[in-house]
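Colleague: Structure below; questions to follow.
Read-outs: derived from the displayed coordinates by stated rules, not from any lab. Predicted model, so just to flag it, every value in this text is computed and none were measured. Cβ: placed from backbone, ideal geometry, glycine included. Neighbour counts: every protein chain shown.
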Amino acid sequence: MSITESPEIITSAQPDSKTRRYDRQLRLWASSGQTLLEESRILVLSSSATSTSILKNLVLPGIGHFTILDDAITNAADAGNNFFLEGPPSIGKHRASEAVRLLAELNDGVTGEAVTSTPVASVVSSLDFLSKFTLIITHNLPPSQLQTLSDTLWSSPTAPALLAVSSSGFLAEFFIQHHPHPIIESHRTPPSTNIRS
């Protein structure tokens with residue numbers, strides 16, 4: 001072989017950008033699980049620091065869409081406690097809008113929306129609105145509103161799951177409400193090859 005000739009280089013097919021981005025989680029829940037994650041629509045009733053931290057952990061692996069419903073205006077305490085607010089520049093703006101903008105920067109495959117014109121109390125009993133989502137997350141929702149929301153979601157077996165979080169400082173508790181949801185997806189062991197023959 002002369003210097004000008006180059007040996008044939010055998011290259012394997014390179015994984016696409018989505019496979020490279022989500023490599024570890026694809027190994028955990030396979031492409032079927034990733035597809036379900038990407039098709040999810042999550043509603044969060046609050047744009048607190050806890051809510052945005054929960055959302056961060058869902059946006060990074062690639063949920064499909066999230067909506068933050070909160071009509072609160074950012075104050076100095078919010079700006080100092082929430083990583084998804086820009087500090088003083090966020091003060092006086094809708095907390096949900098600011099959080100959505102910064103959360104959306106984490107993953108360009110995820111869409112986010114802020115609903116700031118509707119009070120939470122008006123949607124907790126609206127099954128039509130809530131059924132557009134696959135998961136509802138609340139943070140420090142007043143007990144009466146949480147009970148109404150829970151009853152509304154439990155009234156329909158096809159309603160989304162509810163994750164209710166309560167926290168104060170470093171103490172927190174959460175509750176999950178979901179109708180029975182059997183999942184049958186067996187991963188069969190491939191037959192072994194007999195190499196003795």
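Colleague: Give me 118, 152 ranked fewest to most by other Cβ atoms within 10 Å of their Cβ, as a rough exposure proxy.
Modeller: 118, 152
Colleague: Between residue 84 and residues 5 or more places away or on another chain, which pairs have amide H atoms under 5 Å apart, with H built 1.01 Å from N, and which residues are they?
Modeller: HN-HN under 5 Å from residue 84: empty list.
Colleague: Whole-Hz ³J(HN,Hα) for each residue in the range 124-129, computed from phi via Karplus 6.51 cos²θ - 1.76 cosθ + 1.60 with θ = phi - 60°, x for glycine and proline: what do you get?
Modeller: 5, 10, 9, 5, 4, 5
Colleague: At what distance in nm do the modelled label points of residue 128 and residue 108 sit from each other, each positioned 7 Å from its Cα along Cα→Cβ?
Modeller: 3.8
Colleague: What residues have an amide H closer than 5 Å to that of residue 139, excluding those fewer than 5 places away on the same chain, when H is modeled at 1.01 Å from N in the peptide plane?
Modeller: 45, 165
Colleague: In whole Hz and in residue order, list the ³J(HN,Hα) couplings for the range 74-79 that follow from phi through the Karplus curve 6.51 cos²θ - 1.76 cosθ + 1.60, θ = phi - 60°; x for Gly and Pro.
Modeller: Using θ = phi - 60°, the values come out as 5, 10, 4, 5, 4, 4 Hz.
Colleague: A follow-up question, please. So for the chain: antiparallel DSSP bridges make up what percent, rounded to the nearest 5?
Modeller: 30
Colleague: Add -39500 (n - 2.57) for each DSSP H run of 4 or more in the chain, then divide by its residues: what number comes out at 222 nm, to the nearest 500 deg cm²/dmol? Before the final figure, lay out each step's value.
Modeller: Details: 7 runs with 64 residues, N = 197.
Per the formula, -9000 deg cm²/dmol.
Colleague: As a footprinting exposure proxy, order 60, 85, 28 by other Cβ within 10 Å, with the fewest listed first.
Modeller: Lowest to highest Cβ neighbour count: 28, 60, 85.
Colleague: Give, in nm to one decimal, the length gained when the segment between residue 177 and residue 60 is fully stretched (0.36 nm per residue of separation minus the Cα-Cα distance).
Modeller: 39.7 nm
Colleague: While we're on this one: Give the residue from 25, 88, 114 lying farthest towards the positive end of the charge dipole for the chain; charges sit on Cβ (+1 for Lys and Arg, -1 for Asp and Glu) and the dipole is referred to the Cα centre.
Modeller: 25
Colleague: Here's another thing I want to ask about it. Taking residue 18 as the anchor, which lysines have their alpha carbon closer than 28 Å to its alpha carbon, excluding any fewer than eight residues away along the same chain?
Modeller: Residue 18 reaches 56, 132.
Colleague: Using modelled amide H (1.01 Å from N, peptide plane; none on Pro or chain starts), what sits under 5 Å from the amide H of residue 73, excluding residues fewer than 5 places away?
Modeller: Distant-sequence amide H within range of residue 73: 95.
Colleague: With 10 angstrom as the radius, rank 74, 193 by how many other C-beta atoms surround their C-beta, starting from the fewest.
Modeller: So the ranking, lowest neighbour count to highest, is 193, 74.
Colleague: Residue by residue, what Karplus-based ³J(HN,Hα) values in Hz, rounded to whole numbers, does the range 134-139 have, using 6.51, -1.76 and 1.60 with θ = phi - 60° and x for Gly and Pro?
Modeller: Values per residue, Gly and Pro as x: 9, 8, 10, 10, 10, 9 Hz.
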